[in-house]
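Peer 1: My structure is below; once you've seen it, I'll send some questions.
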Ligand SMILES: Cc1ncc(COP(=O)(O)O)c(C=O)c1O
C-alpha cells in the first residue's frame, strides 16, 4: 500500500484539462475590476466577490501602500505574541462600532474566523444546528468542535430546523449557525423564522455575513439589517475578502465571548496576523461603505436588473433573491464546463460550480456582480449568455 495511490488514480482534472474545458485556476495577468486579462483573453468578470469594486479604489490602494511603508510587508508572527498592530486594534473597534457590538476579533482569513470561533466556542455536549448549505468553513469549525452534537437541517427550511431542534434535550446549550446569504444559491436566510425558532428553544444565533456585508441592508450591514433583526443576532462573522476588498475576517459580539475566543482559538494564536496592507485596506473600505452608500445602492439596482433579465431570457436561477449572486442552473457537470468554456471564449468569465460545492446534478454557473459593472458590461454579458445558451440548447 502506498499513501500516494489515490493521487495517481485521480485523473478527472487532467482529463478535463485535455478536453479544453477545465474552468479552475485560470491565471489572471491583469485586473481592472469588471474587466480582467485571463489566459491571453480580455473578459468581463462576473465571477468575483469584489461586490463594491473597491479593490481598485485609489484611496484604498493608497491606504495599503502607506501601511506597507510604515509597518513593512508582514507582521511576522501571531496576534497573540509579536504580531498585533495598533491598526488591528483600530479595525476591531471600527467593526464593533459598525455593528453596534461590544467587541470584535479579527483573523487572517474568513475561513479561519469560522473555524476558530466555532471550534472554540462549542464544547462537548453543546448542540450545533447548521443549514445543509452552510459554507465549508462553518463545517470545518463544526467538525473541529469535538464532542458536540451536530444536527443539520434542510436548506433554509425552518420547519426542518424546528424538527431537529425539538429533538434535543431542553437543558443542552444550543447554537444555530447559518450563512446570511448562501454563497452558491444566492438566496437569503429566512432570518425572521430562524430567530423565532431560536427564541422558542433558547438557542444562540451565529450569522456568517460574508456575502451580506456591503450588499444587503440600507447601511450594508447584511442580512440581519435587511430583516431589521440585528438585535436578535448573538454573533456576526464576516470576511474581508469580498466587499471589503482585502484578506482576513472577523467575529463580533459580546465582550466576554470575544475575550474567550481571543485566548483560546488555535487559528488565531498559532497563525500570523493579517498584514499591515490588508488591515489598512479594511479600515479604508469600511469608512467608504459607511460614508458612500451609493456603492451598495448601485449594486442592489444591478442585482435586481440582472436577476430579472436572466429570468426573462428563460434561465433557471433557482431561489436566488435580492443579492448580486445569480446562479444559472445547468445540472450536468460536463455541460456546465462546456457552457463555461463557450462563455469564456466569447468574453465572459463566470464560475463553474459542481458537487461537492452544490448537490450532485445541480451543477451551475455562478454569476456575481459588482457595483462597478457599467450598463454596457451588463448588456454584453446578457447578450453572450443568451447566444451561448441557445447554441447549447440550455434556453
Ligand atoms: C459564506 C462564507 N463564509 C466564509 C468564507 C471564507 O472567507 P475567506 O475567503 O475570507 O476565507 C467564504 C468564502 O468564500 C464564504 O463564502
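Peer 1: Which residue out of 57, 131, 126 is touching a residue at least 40 places away in the same chain (Cβ under 8 Å) and within 16 Å of the ligand (Cβ to nearest atom)?
Peer 2: 131
Peer 1: Assuming residue 259 fulfils every condition listed in (1) within 16 Å of the ligand (Cβ to nearest atom); (2) assigned by TED's automatic domain parsing to the domain that holds residue 145 apart from one, which condition is it?
Peer 2: The one condition residue 259 does not meet is (1).
Peer 1: If you don't mind, another one. Consider residue 172 carefully, then state whether it is farther than 18 Å from residue 195 by Cβ and surrounded by fewer than 21 Cβ atoms within 10 Å (Cβ to Cβ).
Peer 2: yes
Peer 1: Inside segment 1-95, counting only strands (runs of 3 or more DSSP E) that do not spill past its ends, which hold 1 or more residues that are under 30 Å from residue 335 (Cβ atoms) and modelled with pLDDT of 95 or more?
Peer 2: 35-38, 41-45
Peer 1: Under 23 Å from the mean Cα position of the chain (by Cα), buried (at least 22 other Cβ atoms within 10 Å of the Cβ) and in a loop (DSSP other than H, G, I, E, B) - does that describe any residue in segment 329-347?
Peer 2: No, that holds for no residue.
Peer 1: Scan segment 142-182 for residues that are in contact (Cβ under 8 Å) with a residue 24 or more places away in the chain, out of contact with any strand residue (DSSP E or B) (no Cβ under 7 Å at 6 or more places or on another chain) and under 20 Å from residue 356 (Cα atoms) and jot them down.
Peer 2: Matches in segment 142-182: 144, 182.
Peer 1: Within segment 186-199, count every residue that is in contact (Cβ under 8 Å) with a residue 60 or more places away in the chain and either in contact with a strand residue (DSSP E or B) (Cβ under 6 Å, 6 or more places away or on another chain) or in the same structural domain as residue 303 (by TED's automatic domain parsing) (or both).
Peer 2: So the answer is 2.
Peer 1: When you scan segment 30-41, do you find a residue that is surrounded by 14 or more Cβ atoms within 10 Å (Cβ to Cβ), on the phi > 0 side of the Ramachandran plot and in contact with a helix residue (DSSP H, G or I) (Cβ under 8 Å, 6 or more places away or on another chain), even just one?
Peer 2: Looking through segment 30-41, at least one residue is surrounded by 14 or more Cβ atoms within 10 Å (Cβ to Cβ), on the phi > 0 side of the Ramachandran plot and in contact with a helix residue (DSSP H, G or I) (Cβ under 8 Å, 6 or more places away or on another chain).
Peer 1: Quick check on segment 214-232. Is at least one of its residues within 16 Å of the ligand (Cβ to nearest atom), within 23 Å of residue 120 (Cα to Cα), buried (at least 21 other Cβ atoms within 10 Å of the Cβ) and outside the structural domain of residue 298 (by TED's automatic domain parsing)?
Peer 2: Checked segment 214-232: no residue is within 16 Å of the ligand (Cβ to nearest atom), within 23 Å of residue 120 (Cα to Cα), buried (at least 21 other Cβ atoms within 10 Å of the Cβ) and outside the structural domain of residue 298 (by TED's automatic domain parsing).
Peer 1: Inspect all residues belonging to segment 213-223 and state whether any of them is closer than 27 Å to residue 328 by Cα and part of a helix (DSSP H, G or I).
Peer 2: Checking segment 213-223: at least one residue is closer than 27 Å to residue 328 by Cα and part of a helix (DSSP H, G or I).
Peer 1: So, residue 355, is that one farther than 23 Å from residue 52 by Cα and assigned to a loop (DSSP other than H, G, I, E, B) or not?
Peer 2: yes
Peer 1: Only one residue in 319, 301 is assigned to a loop (DSSP other than H, G, I, E, B) and out of contact with any strand residue (DSSP E or B) (no Cβ under 6 Å at 6 or more places or on another chain). Which one?
Peer 2: Criteria check complete, one pass: 319.
Peer 1: Right, next: If I ask for residues that are in a helix (DSSP H, G or I), under 20 Å from the mean Cα position of the chain (by Cα) and surrounded by 21 or more Cβ atoms within 10 Å (Cβ to Cβ), which ones from segment 254-283 would you list?
Peer 2: Within segment 254-283, 267, 268, 278, 279, 281, 282 meet the criteria.
The values are calculated or read from the model by the stated rules, or taken from the named source; none is laboratory data. Note that the structure is a prediction, hence the values are computed from the model and not measured. Quick reminder, even Gly has a Cβ in these numbers, built from the backbone with ideal geometry, and neighbours come from all protein chains shown.
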